[in-house]
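To keep things clear, I will list the structure first and then write my remarks on it.
Values quoted throughout were computed directly from the atomic coordinates according to the rules given, and no laboratory measurement underlies them. Every value quoted in this text rests on a predicted model; they were computed, and no experiment measured them. As a convention, Cβ positions derive from the backbone with ideal geometry for all residues, glycine included, and neighbour counts pool all protein chains shown.
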Amino acid sequence: SDAEAVTQRDMQRAENIKAVSPPLVTHIYTADPSAHVFNGKLYIYPSHDIETSEPMNDDGDHFAMRDYHVFSLDRPNGKINDHGVALDIDNVPWASKQMWAPDAAEKDGQYYLYFPARDQSGIFRIGVASGDCPEGPFTAEPDFIQGTFSIDPAVYNDNGEYYLYFGGIWGGQLQRWQSGSYTEDMYPADNETAIKPRVAKLSTDMISLSETVKEIDILDENGELLVAGDTDRRFFEGPWVHKFNKQYYLSYSTGDTHKIVYATSDSPYGPFKYQGVILNPVLGWTTHHSITQYDGKWYLFYHDSSLSGGQTHLRSIKMTELIHNPDGTIQTIEPYE
Ligand code: FUB
């Protein structure tokens with residue numbers, strides 16, 4: 001599989017590569033960091049990577065995670081606090097396995113953890129758990145959020161309106177939802193429109209959708225929809241939205257070309273126009289990030305597999321400053337010297 005090939009390559013590369021940022025967490029493996037500032041403090045909601053006997057394949061079966069830890073930071077790249085297990089799969093009635101990339105949101109003093117997992121029939125869905133502290137623990141709703149599917153939830157709070165972005169192809173199953181219901185894989189041809197990330201507004205209760213799920217258009221420099229064969233730019237997984245100078249920025253992973261890229265719009269629903277690369281490929285097959293502002297500066301949170309010597313399913317979260325140029329473009333980050 002592509003996953004095995006990249007792992008073999010990166011286990012060799014790991015010996016000779018020098019990362020520009022150290023891992024934030026070294027006592028366990030962590031990935032997919034979603035960072036937020038709550039009550040003036042930086043909190044990170046990552047996946048918790050573990051060793052597994054599952055086979056390595058392009059559906060990501062080797063990502064066999066089963067719980068979440070929440071971390072807080074006293075200051076950027078400062079001392080990290082592990083707040084322990086915030087949610088375990090044993091306490092999620094609808095989930096069977098694979099607790100993948102989560103996100104969190106705050107509303108009226110309540111904190112909500114959004115997370116994907118496979119349901120009892122093996123279909124990825126997005127669930128929510130809540131609690132009254134940013135670090136958890138969180139209590140899961142008995143069922144997943146109705147109307148959701150696939151992986152990688154990201155919630156953007158736009159002045160009290162909360163938008164849930166999600167989706168990921170291949171192991172994330174988004175290609176199975178092209179007809180509106182769960183089917184066999186349906187991939188567009190290379191010259192056809194690429195599979196699009198999804199968005200829906202959350203209800204005021206934060207645990208249900210208030211509208212039907214919408215597809216998000218991502219356009220190239222000529223205003224044409226990105227096509228499936230444009231693997232350097234098309235959406236793969238890990239959507240994230242932030243706002244800078246009144247523009248909405250949708251950033252995401254290109255998956256098999258291993259980049260974090262971004263597109264901009266004047267609406268949270270898009271259409272978004274492709275702009276460029278935020279992060280060049282890291283060690284490991286996956287790349288997954290978040291962007292947040294803290295104390296007047298912007299930061300990129302991401303992961304790589306350098307701490308595990310290149311093992312693709314054993315990753316470590318990192319952070320580095322992200323710079324918006326005066327014209328709104330983002331400076332590309334090189335993860336290694
Ligand atoms: O961590 C498991 C999966 O790998 C995430 O959901 C994807 O975004 C990728 O990072």
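Observations on the structure shown:
- Equivalent ellipsoid semi-axes - Cα gyration tensor, segment 139-183, angstrom: 22, 14, 10
- Assigned charges on the beta-carbon of Lys, Arg, Asp, Glu; segment 32-148 dipole about Cα centre (debye): 320 debye
- Burial ranking of peptide ranges 134-145, 217-228 (average Cβ count within 10 Å, highest at the top): 134-145, 217-228
- Our summary gives the chain a relative contact order of 17 percent, counting only alpha carbon pairs under 8 angstrom and 6 or more residues apart.
- For segment 1-124, dividing the convex hull volume of the Cα atoms by the residue count gives 131 Å³ per residue.
- Alpha-carbon Rg/Rh ratio, for segment 34-81, with Rh computed the Kirkwood way: 1.15
- Charge dipole (Cα centre; +1 on Lys/Arg Cβ, -1 on Asp/Glu Cβ; no other charges) of the chain amounts to roughly 640 debye.
- For the chain, the residue among V241, A140, A14 whose Cα projects farthest onto the positive side of the dipole built from Cβ charges is V241.
- Mean Cβ count within 10 Å, highest first, over the residues of peptides 180-191, 81-92: 81-92, 180-191
- When the P(r) of segment 86-196 is calculated, the portion above 25 Å amounts to 25% of the C-alpha pairs.
- Sum of side-chain charges, K259 neighbourhood, beta-carbon under 15 Å (Lys, Arg +1; Asp, Glu -1): -4
- Dimensions of segment 92-154 from C-alpha coordinates, computed as largest minus smallest value along each principal axis and given longest first, are 34, 21, 19 Å.
- Contour minus Cα-Cα distance for T193 and S208 (0.36 nm per residue): 2.5 nm
- Cα pair count fraction exceeding 25 Å, expressed as % - segment 185-299: 25 percent
- Scattering from the chain was approximated by placing one identical point on each alpha carbon and applying the Debye formula without solvent; log10 I(q)/I(0) at 0.10, 0.11, 0.14 1/Å stands at -0.52, -0.64, -1.11.
- For the peptides 50-56, 202-208, the ranking by mean Cβ contacts within 10 Å, running from highest to lowest, is 202-208, 50-56.
- On full extension, the segment bounded by N325 and D266 gains 19.5 nm, given 0.36 nm per residue less the C-alpha separation.
- Exposed loop positions in the chain were taken to be trypsin sites (Lys or Arg not before Pro) whose DSSP state is not H, G, I, E or B and which have at most 15 other beta-carbon atoms within 10 angstrom. Between these positions, the longest stretch is 80-245.
- Separation of alpha-carbon centers, segment 34-111 and segment 204-222, rounded to whole Å: 23 Å
- Shown here for segment 275-337: chymotrypsin sites (Phe, Trp or Tyr not before Pro) in loop regions (DSSP other than H, G, I, E, B) with at most 13 other Cβ atoms within 10 Å, of which there are none.
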